[in-house]
Amino acid sequence: RLSPTGCPVSARAAAFDPFTGPYQEDPPGSLRWSRDEEPVFYNPQLGYWVVTRYEDVKAIFRDNITFSPANVLEKITPFGDEANAVLAKYDYGMSRTLVNEDEPAHMPRRRALMEPFTPPQLAHHEPMVRRLVREHVDRFIDKGKADLVDEMLYEIPLTVALHFLGVPEEDMETLRRYSVAHTLNTWGRPAPEEQVAVAENVGKFWQYAGTVLDKMREDPSGPGWMQYGIRLQPEMPDVITDSYLHSMMMAGIVAAHETTALASANAIKLLLENRSLWEELCADPSLIANAVEECLRFSGSIVAWRRITTKATKIGDVELPEGAKLLIVNTSANHDERFFDNPDELDLRRENASDHLSFGYGAHQCMGKNLARMEIQIFLEELTTRLPHLELAPGQTFTYLPNTSFRGPEHLWVRWDPAKNPERERP
Ligand code: HEM
């Protein structure tokens, strides 16, 4: 088989499948061959060029003019007619938000909407996050076992996300169903018989976002980020458009919530798998901030992202045509030994841990990164203090929603002996 530039596709490049098998089990490990031998390869099945080395991934993030983010929220797997008809029935119209907006429209919008993400503004959210984590831990601390995802790590980032956005709290289960559908719709490969159900939930999510927006417009005085955008609209109608607001209302819930829930679960799982490091954190909480970065590097929640070329260009010595779709595997970049020493070792004191690309890089770098960091940090602070004897429940297999980009365990069972809870000894 040949790539669009007429080069032969190697057997491993042709066999790459991000929806099953090795990539689902261990995304960075499954691409070691590529980092070593073929750091940019074409996969005919996807119709994407896959990029796996640190310097290449970073260079692509850095140049958002040649490598446009316009395809970031596109369906990676086209749907059949029946599912498309369902989406049309709901007037589904996900369009440009921030993450998939081109220049020159993107930067003025990003600047206009940045204020609520600044450290003094984010500081207002910290007491709420701390209180929520304490309350949730109170609920299960005497039980001796818990599925941390179901009992805390899903719900708290969702509550914080809705609060940050200014969206009234909705039934958690409904939003969980919607988020899963959005992930499968955008980054998955649902079987033809599943597509209609996915489309139904995506359509309902879109309608729900529209209803919340209409309601918010009636009284946009609240403190949320979405109200902030609505209030700016009359001043800058070309920057804050109706289409932006509706798309962001839906995409924002997932951006702010799912990412953080998954990253928190990844971090706790990773630390408990490296038990001696968990114990070091319990003994010295000053290590937690860097541990958060190292966990994001080692096992971030967005493992691959997309771009599309706006002109013919080159990455390394590989020529790409205009319109080439790229899957840039940031988790592979984060495990590139050309940049990180001993990349497959979790090192709480790693000096360049925060150079990871889990939040992207450059003009589109994650605006919510400090909110996400704060949440993960508080989870770790509270758990290492109140449940230092926590361990992974043995014998569990971790499951992941099959998709290219959003990654974290669906459940995370842990156990401990409540008789040994530190607060029983010194209540
Ligand atoms: C963009 C990851 C949490 C809001 C992004 C991008 C990534 C990312 C990879 C694209 C970056 C690029 O193209 O260079 C993550 C991860 C998170 C997280 C791994 C949690 C661990 C959040 C939170 C919020 C948020 C909590 C909001 C409260 C955004 C926004 C953008 C973005 C608005 C678009 C920025 C732009 O295009 O200018 N994020 N994110 N994210 N994220 Fe996050």
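Are there any pairs, at least 6 apart or on different chains, whose C-beta atoms fall under 6 Å, with the first in the range 155-184 and within 14 Å of M250 (Cβ to Cβ) and the second aromatic (F, W, Y) and within 16 Å of the ligand (Cβ to nearest atom), and if so, which?
Here the result reads L165/W225; T183/F406, each pair linking the range 155-184 to a residue that is aromatic (F, W, Y) and within 16 Å of the ligand (Cβ to nearest atom).
Answer yes or no: is there a residue in the range 138-150 that is part of a helix (DSSP H, G or I), touching a Leu at 6+ places or on another chain (Cβ under 7 Å) and not polar (S, T, N, Q).
For the range 138-150, residues part of a helix (DSSP H, G or I), touching a Leu at 6+ places or on another chain (Cβ under 7 Å) and not polar (S, T, N, Q): present.
Please enumerate the residues belonging to the range 391-406 that are open to solvent by 30 Å² or more (accessible area, probe 1.4 Å), in contact (Cβ under 8 Å) with a residue 60 or more places away in the chain and touching a Phe, Trp or Tyr at 6+ places or on another chain (Cβ under 6 Å).
Scanning the range 391-406 gives a single hit, P402.
What's the total number of residues in the range 145-162 that are surrounded by fewer than 19 Cβ atoms within 10 Å (Cβ to Cβ) and either under 24 Å from G203 (Cβ atoms) or not charged (D, E, K, R) (or both)?
Count: 1.
Considering each residue of the range 57-75, count those that are crowded, with 21+ Cβ neighbours inside 10 Å and under 17 Å from R338 (Cβ atoms), and give that number.
Selection size over the range 57-75: 3.
Any chance you could count how many residues in the range 225-254 are open to solvent by less than 10 Å² (accessible area, probe 1.4 Å), at pLDDT 95 or above and among the small types (G, A, S)?
Of the residues in that region, 2 qualify.
How about the range 341-361: which of its residues are touching a Lys or Arg at 6+ places or on another chain (Cβ under 7 Å) and of a type in the set (S, T, Y)?
Matches in the range 341-361: S358, Y361.
Answer yes or no as to whether A59 is over 29 Å from C295 (Cβ atoms) and modelled with pLDDT of 95 or more.
Spelling it out, it is not the case that A59 is over 29 Å from C295 (Cβ atoms) and modelled with pLDDT of 95 or more.
Name the residue, out of P119, P108, P127, P78, that is within 12 Å of the ligand (Cβ to nearest atom) and either surrounded by fewer than 17 Cβ atoms within 10 Å (Cβ to Cβ) or on the phi > 0 side of the Ramachandran plot (or both).
P108
Per-residue answers, yes or no, for (1) in contact with a Phe, Trp or Tyr (Cβ under 9 Å, 6 or more places away or on another chain); (2) of a type in the set (S, T, N, Q):
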site	(1), (2)
E135	no, no
K145	yes, no
L153	yes, no
L175	yes, no
T183	yes, yes
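Which condition from (1) out of contact with any helix residue (DSSP H, G or I) (no Cβ under 7 Å at 6 or more places or on another chain); (2) among the small types (G, A, S); (3) in a helix (DSSP H, G or I) is the one that G395 breaks?
Answer for G395: the failing condition is (3).
Since T52 meets every condition but one in (1) open to solvent by less than 10 Å² (accessible area, probe 1.4 Å); (2) within 22 Å of R297 (Cα to Cα); (3) out of contact with any Pro (no Cβ under 6 Å at 6 or more places or on another chain); (4) not aromatic (F, W, Y), which condition does it not meet?
Only one criterion is unmet by T52, namely (3).
Which residues, counting only those in the range 344-400, are of a type in the set (S, T, Y) and within 23 Å of K58 (Cβ to Cβ)?
The answer is S354, S358, Y361.
Which residue pairs have Cβ atoms closer than 8 Å, lie 6 or more positions apart in sequence or on different chains, and pair a first residue in the range 352-375 that is on the phi > 0 side of the Ramachandran plot with a second residue that is more than 8 Å from the ligand (Cβ to nearest atom)?
Sorted first by the residue in the range 352-375, then by its partner, the pairs are G362/R62; G362/D63.
Identify all residues within the range 89-104 that are within 30 Å of M236 (Cα to Cα) and more than 11 Å from the ligand (Cβ to nearest atom); write none if there are none.
Y90, D91, Y92, G93, M94, S95, P104, listed by residue number.
Can you name the number of the only condition in (1) open to solvent by 10 Å² or more (accessible area, probe 1.4 Å); (2) at pLDDT 95 or above; (3) part of a helix (DSSP H, G or I) that E193 fails?
E193 satisfies all of (1) open to solvent by 10 Å² or more (accessible area, probe 1.4 Å); (2) at pLDDT 95 or above; (3) part of a helix (DSSP H, G or I) except (2).
(1) within 16 Å of the ligand (Cβ to nearest atom); (2) over 14 Å from the mean Cα position of the chain (by Cα): which one isn't true of C295, the others all being true?
The failed condition is (2).
Can you run down the residue pairs with Cβ atoms below 7 Å, 6 or more apart or on separate chains, where the first is in the range 126-147 and touching a residue at least 12 places away in the same chain (Cβ under 8 Å) and the partner is among the basic types (K, R)?
Qualifying pairs under 7 Å: V137/R386; I141/R386; G144/R415; K145/R415.
The values are calculated or read from the model by the stated rules, or taken from the named source; none is laboratory data. From a predicted model like this one, the values you see are computed outputs, not experimental measurements. Virtual Cβ from ideal backbone geometry, glycine too; neighbours counted across all protein chains shown. Note: accessible area is taken over every heavy atom of the protein model, side chains too, but ligands, DNA and RNA are not part of it. Shrake-Rupley method; radii C 1.70, N 1.55, O 1.52, S 1.80 Å.
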